[in-house]
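Only one structure is covered here, and it is reproduced in the block below.
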Amino acid sequence: MTGIVALYIFMLAAFTGYEIIAKVPVILHTPLMSGSNFVHGIVLVGAMVALGNADTTLEKVIGFAGVLLGAGNAVGGYVVTERMLEMFKASGAKAKQKGSH
Amino acid sequence: MPTGFDASFIVQASYFVTAALFIMGLKRMSSPVTARSGILWAGAGMVVATLVTFLYPGMANYELIIAAIVIGSLLAWWSGKRVAMTDMPQMIALYNGMGGGAAAAIAAVELYKHSQGEAHALTISILAVIGGIIGAVSFSGSLIAWAKLDGKINKTLRFGGQKLLNMALLVGALVIGGMVALHLNASPLFVTLIFVLALLLGISMTLPIGGADMPVVISLYNALTGLAVAFEGFVLNNAAMIIAGTVVGSAGTLLTQLMAKAMNRSIANVLFSNFGESGGAASGPVTGSMKSIEATDVGVMMAFAEKVIVVPGYGMAVAQAQHKVWEMCQLLIERGVNVKFAIHPVAGRMPGHMNVLLAEAGVPYDLIADLDEINAEFETADVALIIGANDVVNPVARTDKSSPIYGMPILNADKAKNVIVIKRGQGAGFSGIENALFFLDNTRMLYGDGQKAAAELIAAVKAVD
């Protein structure tokens, strides 16, 4: 990936993130923050690559900590988000139309 | 890697799928109807990305990788399952800090390699340094935020020259990082110093911030972690990390702004001023007296009302009264009373937190209205029942320019025909500001613990007829 392509990805992703949040009702702010917290758990993948390429003991120790923390971010973020969203239920059919704003 | 297929292509293609699943998942999470499926989509993306990374060309240390994933996942799973809903904000802070730490760890591994002579291109080294600093700040800062919200640190440490110290730490980390990136001095000691300074900066930045502002700070660190992940994604040439990290970075920044706005504060104000310090320095004396009322009278009042608006605050959640309150509301609804919940954007500990707490108690989300929807309705409400909320219904925010909360959007509970305030004692709110609402002619105080008061109200409503 060349630098300029990476820059394009960066810009488009930034707009995407902005657009996703811009129309969110306040009631979903906490779950959404938690959800986005889960999404940056993708750092796990990078930590796996870093540990996979670690040579010295120091690199391995840091890489191990990185994978451990990354896995914690991903799994913990998923569990709490899922628990919160599980509770969002409407009271009836009429709510289904209203809730889609 | 066995030949016959291009592992690298499979990895890249899977990352592409993951990025798409993340974006669609977040999109679904932005509506209450589809939110539940959104996290499942994003979760599927994460599983795909994690599994396929084992195919990444040229990797070693598989035992270590698997061991770290298993340990980290189990600990997080266990803690995430047992945390109470009221404690959710600090858990998000904790998991977020972990992500920041992981990003910093990636940067550290890359920079130690860099110092061993595996020189990277200059832009890559610079991005590694910046991502590493941001990740480390987010890591230590989030841990402090977690400790503060969890009550492990009660003190708010402030001293003269704190801003100067923060600035010195930041400049120090950047200068040393620059020297490492430019290979002027890329010794392991200098690499270590970058992270030490950044970790100290995160601690020193977060310690002076008061509990009321913590949600904004957590949201900010969430955005910062996203940015750090994106930068390390550039370093590792990993499109999934770049996209996911950037999306979170920009979404998190916007979310932080929305939160700060709801609290009538700017982000700079949260970070650099010491709110909450003024404490008891209340503006102008409030005249009048508080008038108390008995639960039985409130029960009758609500049972024969046409419209009741409940204004819950964090105090209700602390007293674990939400189940009882909802039980009482169900009784009223059966009697034909129009019941609604009015939620201030910062009710609870962060925007939307109160909705989660009410949802946990079984309140359907279509009975829950936010500030813009409900404020006009208070004038037609017979009863506004305030339980555990204080500053968010203080009319002083509309009238008294000298008040620290002046200009903050509030719920116009004072416009209701009758205002009932359930409150433990006569003290001031979280911000230490006297609440003028409590002294109004149409306000009555129902003293007592939230849960007990709600139970009394249930009995009182049942006793009517």
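The values are calculated or read from the model by the stated rules, or taken from the named source; none is laboratory data. Just so you know, these numbers come straight off a predicted model, no measurement behind them. Note that we place each Cβ from the backbone using ideal geometry, even for glycine, and neighbour counts take in every protein chain shown. Ligands, DNA and RNA are excluded from the accessible area calculation, which covers all protein heavy atoms including side chains. Shrake-Rupley method; radii C 1.70, N 1.55, O 1.52, S 1.80 Å.
Once R0 is set to 51 Å, what does the formula 1/(1 + (r/R0)^6) return for the Cβ-Cβ distance between B:PHE159 and B:PHE439, expressed as a FRET efficiency to the nearest 0.05?
0.85
Could you give me the ³J(HN,Hα) list for segment B:32-44, computed from phi with Karplus coefficients 6.51, -1.76, 1.60 and θ = phi - 60°, whole Hz, x at Gly and Pro?
x, 6, 9, 3, 4, 6, x, 5, 5, 4, 4, x, 4
Do any of A:LYS23/B:LYS27; A:LYS23/B:LYS261; B:LYS81/B:LYS324 go past 18 Å between their Cα atoms, and which?
Table pairs above 18 Å Cα-Cα are B:LYS81/B:LYS324.
Sticking with the crude label model, points 7 Å out along Cα→Cβ, report the distance from B:TYR447 to B:LEU40 in nm, one decimal please.
Output for this residue pair reads 5.2 nm.
How much space per residue, in cubic angstrom, does the convex hull of the C-alpha atoms of chain B take up?
151
Could you give the Stokes-Einstein D for segment A:7-53 in µm² per second, using the C-alpha Kirkwood radius, 20 °C, 1.002 mPa s?
This corresponds to a translational diffusion coefficient of 170 µm²/s.
Compute the distance in nm between two label points, each set 7 Å from the Cα along the Cα-to-Cβ direction, one at A:LYS23 and one at B:LYS261.
About 1.6 nm, to one decimal.
Along segment B:191-196, what does the Karplus equation 6.51 cos²θ - 1.76 cosθ + 1.60 (θ = phi - 60°) give for ³J(HN,Hα), rounded to whole Hz, x for Gly and Pro?
4, 4, 4, 3, 6, 4
So what is the 222 nm mean residue ellipticity for chain B from helices alone, if each DSSP H run of at least 4 adds -39500 (n - 2.57) and you divide by all residues, rounding to the nearest 500 deg cm²/dmol?
On the way: 17 runs with 269 residues, N = 465.
Helix contribution divided over all residues of chain B: -19000 deg cm²/dmol.
What accessible area per residue, rounded to a whole number of Å², is obtained for the protein assembly as shown using a probe radius of 1.4 Å?
Heavy-atom SASA per residue in the protein assembly as shown reads 39 Å².
Ignoring ligands, DNA and RNA, how much accessible area is buried between chains B and A, both sides summed, with a 1.4 Å probe, to the nearest 100 Å²?
8400
Please work out the Cα center distance from segment B:104-126 to segment B:313-386, rounded to the nearest Å.
52
I need two numbers for the protein assembly as shown: Rg to one decimal and Dmax as a whole number, Cα atoms only, in Å.
Just the Cα atoms of the protein assembly as shown yield Rg and Dmax of 25.3, 85 Å.
Within straight cross-link reach of B:LYS415, meaning Cα distance under 19 Å, which aspartates and glutamates are found once same-chain residues fewer than 8 apart are removed?
Answer for B:LYS415, where 19 Å is the Cα cut-off: B:GLU306, B:ASP370, B:ASP372, B:GLU373, B:GLU377, B:GLU379, B:ASP382, B:ASP391, B:ASP400, B:GLU434, B:ASP441, listed by chain and number.
By a straight-distance test (C-alpha under 16 Å), which aspartates and glutamates pair with B:LYS452 as possible cross-link partners, with residues fewer than eight away in the same chain excluded?
B:GLU294, B:ASP297, B:GLU327
Can you give me the long-range amide H partners of B:THR443? Hydrogens built in the peptide plane at 1.01 Å from N, cutoff under 5 Å, separation of 5 or more residues or another chain.
B:VAL419
Helix-only mean residue ellipticity at 222 nm, chain A, DSSP H runs n ≥ 4 weighted -39,500 (n - 2.57), per residue, nearest 500. What is it?
-25000 deg cm²/dmol
So if I restrict to the alpha-carbon atoms in segment B:16-149, what is the Rg, and what is Dmax, the biggest pairwise distance, in Å?
Spelled out, the Cα radius of gyration and Dmax of segment B:16-149 are 17.4, 53 Å.
Applying a 10 Å radius around every beta-carbon, put B:348-355, A:36-43 in order of their mean neighbour count, most first.
By packing density, highest mean first, the sequence is A:36-43, B:348-355.
Non-local amide H neighbours of B:VAL339 (under 5 Å, H modeled in plane, Pro and chain starts lacking H): which ones?
So B:VAL339 has HN proximity to B:VAL308.
When the Cα centres of segment B:17-70 and segment B:203-278 are compared, how far apart do they sit, in Å?
For segment B:17-70 versus segment B:203-278, the Cα centre distance is 23 Å.
Please compute the modelled spin-label separation between B:ASN185 and B:GLU63, points set 7 Å along Cα→Cβ, answer in nm with one decimal.
4.0
Out of the total accessible area of the protein assembly as shown (probe 1.4 Å, heavy atoms of protein only), what percent is carbon and sulfur? Walk me through the intermediate numbers first.
Details: 14150 of 21910 Å².
Carbon plus sulfur share of accessible area: 65 percent.
Would you kindly derive the ³J(HN,Hα) couplings of segment A:30-47 from the backbone phi angles with the Karplus curve 6.51 cos²θ - 1.76 cosθ + 1.60 (θ = phi - 60°), listing them in order in whole Hz, with x for Gly and Pro?
5, x, 6, 4, 5, x, 5, 4, 5, 4, 6, x, 4, 4, 3, 4, x, 5
First select every other residue whose beta carbon is under 13 angstrom from the beta carbon of A:ALA47; then total the charges, Lys and Arg +1, Asp and Glu -1.
-2
Normalised by the number of residues in chain B, what is the relative contact order in percent for Cα pairs under 8 Å and 6+ residues apart?
Averaging sequence separation for qualifying contacts and normalising by length gives 13 percent for chain B.
I need to check one value: relative contact order of segment A:1-84, counting alpha carbon pairs closer than 8 Å and at least 6 residues apart, in percent. Write down the numbers at each step before the final one.
Details: 53 pairs, mean separation 28.9, N = 84.
This gives 34 percent for segment A:1-84.
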